[in-house]
Structures are given as C-alpha cells and as structure tokens.
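The values are calculated or read from the model by the stated rules, or taken from the named source; none is laboratory data. Quantities reported herein were computed from a predicted structural model and do not represent experimental measurements. Neighbour counts are summed over all protein chains in view; Cβ atoms, including those assigned to glycine, are modelled from backbone coordinates with ideal geometry.
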Amino acid sequence: MKLKLARVEKDLSQEDLAKIVGVSRQTIGLIESGKYNPSLSLCINICIALSRTLNDLFWDAEIKK
Amino acid sequence: MDVFKRTKKNTDERIENIRNKIFKEMYYVVMTICLISVFFKMYKFGIGESALMEEAILELVILIVGGVYFLARSIFLGVFWDEVEIHDRTSKTPMSKKTIFRSVGLAFLIAIIMGINSAVSYADSTSQGLWYFIQVLFVSLMIYLPILLILFGGIYMLAKKISMTSRKS
C-alpha cells in the first residue's frame with residue numbers, strides 16, 4: 001500500500017516505475033499487492049526511483065514477533 | 001557495427017526465478033522419463049544382460065552424468081557443505097552418520113536384488129534358490145558395501161575439505 005501511494009504521489013504508472021527499475025509491470029503489481037517478495041537490491045532500486053527510504057516503503061509496523 | 005555490440009540485458013528477477021523453477025521441474029521430468037525407460041528395459045531384457053547395457057546406455061549416461069555434474073558443482077560452490085551444516089543444525093542424526101546408513105542400506109538393497117535375481121534365474125528348487133540367494137547376498141555385500149562406503153564417504157570428506165579450504169582462503 002505504501003509503495004502504491006508513493007508511486008501515485010510521484011505520478012508514475014506501474015509501467016513507468018517498472019521501466020525505471022528494470023522489471024516487468026506485473027512484478028511491480030505483485031510487489032504492491034504483497035504477493036511477491038523483492039530482493040534487497042530491487043527494494044533499493046525502487047526506493048531510489050521513488051525518492052524514499054526502505055523504511056518508508058517496506059517496513060511493516062504490524063509484523064508479529 | 002552496432003549490430004554486433006553486446007548490450008547489457010535488464011532481467012526481471014521474478015521472471016528469472018520462475019524460469020529457474022521451470023528448468024528445475026524440467027530436469028525432474030527428464031530424469032523421471034530416463035528412469036522409467038531404464039526400468040522398462042530392465043523388465044524387457046532382464047538385469048545383468050549385456051543387451052540391457054547396449055539399449056539403456058543413453059539413459060544411464062544422462063542419469064549418471066547429470067547427477068555427477070550437479071554433485072560436483074554443488075561441492076565446488078560450497079552449497080553441499082552449507083546444506084550439511086543446515087541439516088546438522090536441525091536434525092538429531094548428523095549427516096555423517098546418515099551417509100554411512102545410506103551406504104549400508106543401498107549395499108543391502110543391491111545385494112538383495114542380485115540375490116533374488118540369481119535365485120529366480122538359476123535355481124531349480126526352493127532350497128537351491130535359498131542357498132543361491134544367501135551366497136549371492138553375502139558376496140554382493142562384500143563387494144558393494146566397501147565400494148559404496150568409500151564412494152559416499154569420500155564425497156562427504158571431499159566436500160568438507162573443499163569447504164574448509166575455501167573458508168581459510
């Protein structure tokens with residue numbers, strides 16, 4: 001959800017973000033819906049593309065211990 | 001001349017992972033087909049017949065070379081020993097003991113198959129069959145048990161040595 005919001009704030013479509021980061025549109029969609037766990041390097045590339053930190057986009061405050 | 005220029009391909013990691021998964025499944029399918037073919041030919045020509053070797057040589061080469069390649073690559077990349085490490089962390093029986101048990105178990109299995117084959121193929125009576133079975137079982141065990149222990153134990157020790165060497169360097 002955070003990823004989607006950040007992408008929309010930057011006025012980017014899934015396809016635009018996918019092109020910048022170098023993956024397919026479907027991969028971005030699956031990351032946003034939580035159905036695919038990206039590698040750390042892909043997470044970093046997405047953060048750079050959206051000018052955000054890893055905490056902003058990928059930290060889940062509701063992680064159960 | 002730009003036609004021959006190599007450009008760096010951007011690969012989607014998710015697609016790469018799915019492709020690798022498909023290649024893995026494809027490997028299992030090919031191995032299963034080869035195994036079924038070998039068993040069918042064993043049934044058709046009989047175990048121990050030279051015709052079986054001639055007919056099933058391609059399947060056996062695919063099975064053996066594929067397995068040896070996988071084992072060699074995983075040993076030299078250190079993956080084999082890492083798996084042993086993870087296994088020993090979670091299992092009550094260490095991999096070293098399991099290797100010995102597997103070698104002994106496989107030797108017994110081969111010896112029993114050889115024994116049954118001899119008893120069925122060459123014996124004229126039940127008592128003769130039983131005698132042939134015991135003889136062949138004993139001799140096969142004497143041959144295969146040390147060979148398999150040296151083979152599997154050797155692979156285990158080699159993997160350990162390579163792993164220790166790579167850690168030092």
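What to note about this one:
- The range A:4-28 residues that are more than 17 Å from A:I48 (Cβ to Cβ), paired with ones that are assigned to a loop (DSSP other than H, G, I, E, B) (beta carbon under 8 Å, 6 or more apart): A:S24/B:D12
- Any hit, the range B:79-86, residues being touching a Lys or Arg at 6+ places or on another chain (Cβ under 7 Å), surrounded by 12 or more Cβ atoms within 10 Å (Cβ to Cβ) and not in a loop (DSSP other than H, G, I, E, B): yes
One line per residue, one yes/no per condition, for (1) more than 10 Å from chain B (Cβ to nearest Cβ); (2) over 10 Å from the mean Cα position of the chain (by Cα):
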position	(1), (2)
A:K4	yes, no
A:S13	yes, yes
A:K19	no, yes
A:G29	yes, no
A:S41	no, yes
A:C47	yes, no
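- Answer from B:G115, B:G129, B:G153 - the residue that is modelled with pLDDT of 85 or more, closer than 30 Å to B:I86 by Cα and surrounded by 14 or more Cβ atoms within 10 Å (Cβ to Cβ): B:G153
- Just one of the listed residues (B:M26, B:M53, B:M42) is outside the structural domain of B:I143 (by TED's automatic domain parsing) and modelled with pLDDT of 95 or more, and it is B:M26.
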